[in-house]
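Only one structure is covered here, and it is reproduced in the block below.
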């Protein structure tokens, strides 16, 4: 390779590998290493990196998700015995769906239900196990830079990410067993849960 400048060669030997530098007084630094010529741009002169092909970068198709906080405020009728445990279980009533696709946005919707198990107390003070269900809708918006209106996105996964701790509210009293005395009861249970929904464009399983 010829250089149209007066140059000075410096030889350096490092771990069985020779590196030669062409030191140019003004602008250009050329490094010869393992037979590959690399360069850098200095003071407006461009280095040479070899032949390069031009083309479009591949478009990725990531799996993107949203997380939604769902708040339940469930009335307990008959009320729940305060001294007994209240347990809950959250589940999807059906798979979430893509509601709409807008430029840069994908809208997902669905429903989740909560099964609540507690000890109910009626007007006569009778206590018995009780199971009730409550249901809530949800909707979330996922940012997608590659989304165009009408693009075919699909829901590829969904789960209950976190179940909150039920909190009892609206305390009152009911007659005790056999009408003796009274017991504390609660008329409402509150709980916040988090669900996660993921989408992908075209196909959930296509990796090509």
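Starting with the fewest neighbours, write out 91, 72 ranked by other beta-carbon atoms found within 10 Å of each beta-carbon.
Exposure proxy ranking, most exposed first: 91, 72.
log10 I(q)/I(0), Debye, Cα-only region 64-201, no solvent, q = 0.11, 0.14, 0.17, 0.22 Å⁻¹?
Treating every Cα as an identical point scatterer, log10 I(q)/I(0) equals -0.51, -0.68, -0.84, -1.16.
Hey, can you rank 193-200, 130-137, 182-189 by average C-beta count inside 10 Å, highest first?
Per-residue mean Cβ counts within 10 Å order the peptides as 193-200, 182-189, 130-137.
Rule-based calculations on the coordinates, nothing more; no lab input. Keep in mind that what you see is a predicted model, and the values were worked out from it rather than measured. FYI the Cβ positions are ideal-geometry reconstructions off the backbone, even for glycines, and counts take in every protein chain you see.
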